[in-house]
Amino acid sequence: MTSQISNISTKANLFVVSAPSGAGKTSLLKQLISELHSVQTSISHTTRVKRDGEVDGVDYHFVDKKNFKDLVVSEAFYEHAEVFGNFYGTSKSSIADQLAKGIDVILEIDWQGARQIKRQLPHSHSIFILPPSKLELGSRLKGRGQDNDEVINGRMNAAIDEMSHYNEYEYLVINDDFFEAVSEIRAIICAERQKLALQQQKHAQLLCNLLE
């Protein structure tokens, strides 16, 4: 594990983004990626059933539980967790490949996974997204039309627990106005791209030429 961590490229940034279910995280990030160059979401492995419209290798890498456990044993994941009876994992090789190409990576995981990533990759950046109110959060969950009342109540309870960990993150974004929230996340990413250490690595030859 240590060798994998030490080989992570400094040409790009890893952003860990968390939010309670219903906060609009996925929609925000899809819009952001459509507007911003050289940024992609990490594609996680999962054992859950593929939903209508989802594509294997695009939304998730869909695997059965045996294959998932084999990947855990081989230490292929930075972090893995069980959520609502399904397993999710973050691939080490996938993230390393994207960062090495100079592509910023956005990793969508819960607070527990974010803790694991921060321990292994301390230079990663973390963003937490909150809804404007509990009432709005409940409305968004019901508006999906995918779950019954029992499931929605379970998701609300899980959301409250998730939200209690917002203060473990570097950045906080409130998703009240959708496009304002997208703009705020974009600003975070653009600011981190201009940090001195990253720019020194990215423009090493230019700086050398300028200072000759």
request  = Could you tell me whether any residue of the stretch 98-107 is of a type in the set (Gly, Ala, Ser) and closer than 19 Å to Leu28 by Cβ?
outcome  = no
Scanning the stretch 61-84 residue by residue, the ones that are touching a residue at least 12 places away in the same chain (Cβ under 8 Å) and among the small types (Gly, Ala, Ser) total 2
Only unsatisfied item for Asn153, checking (1) out of contact with any Asp or Glu (no Cβ under 7 Å at 6 or more places or on another chain); (2) at pLDDT below 95; (3) within 29 Å of Glu35 (Cα to Cα); (4) not hydrophobic (A, V, I, L, M, F, W, C), is (3)
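Out of the stretch 86-104, which residues are of a type outside the set (S, T, N, Q) and either in contact with a Lys or Arg (Cβ under 6 Å, 6 or more places away or on another chain) or in contact (Cβ under 8 Å) with a residue 24 or more places away in the chain (or both)?
Let us first name the residues in the stretch 86-104 that are of a type outside the set (S, T, N, Q), namely 87-89, 92, 95-97, 99-104.
Hits for the stretch 86-104 are Phe87, Tyr88, Gly89, Lys92, Ile95, Ala96, Leu99, Ala100, Lys101, Gly102, Ile103, Asp104.
Matching residues to (1) surrounded by 13 or more Cβ atoms within 10 Å (Cβ to Cβ); (2) in contact with a strand residue (DSSP E or B) (Cβ under 8 Å, 6 or more places away or on another chain); (3) β-branched (Val, Ile, Thr):
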{"residue": "Val105", "(1), (2), (3)": "yes, yes, yes"}
{"residue": "Arg119", "(1), (2), (3)": "no, no, no"}
{"residue": "Pro122", "(1), (2), (3)": "no, no, no"}
{"residue": "Ser126", "(1), (2), (3)": "yes, yes, no"}
{"residue": "Met156", "(1), (2), (3)": "yes, no, no"}
{"residue": "Ile160", "(1), (2), (3)": "no, no, yes"}
{"residue": "Met163", "(1), (2), (3)": "yes, yes, no"}
{"residue": "Asn175", "(1), (2), (3)": "yes, yes, no"}
If we keep only residues of the stretch 22-56 that are within 29 Å of Val73 (Cα to Cα) and touching a Lys or Arg at 6+ places or on another chain (Cβ under 8 Å), then the residue modelled with the lowest pLDDT is Asp56
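The values are calculated or read from the model by the stated rules, or taken from the named source; none is laboratory data. Treat the numbers as computed from the prediction; the structure is a model and nothing was measured. All Cβ positions, glycine included, derive from the backbone under ideal geometry; neighbour counts span all protein chains shown.
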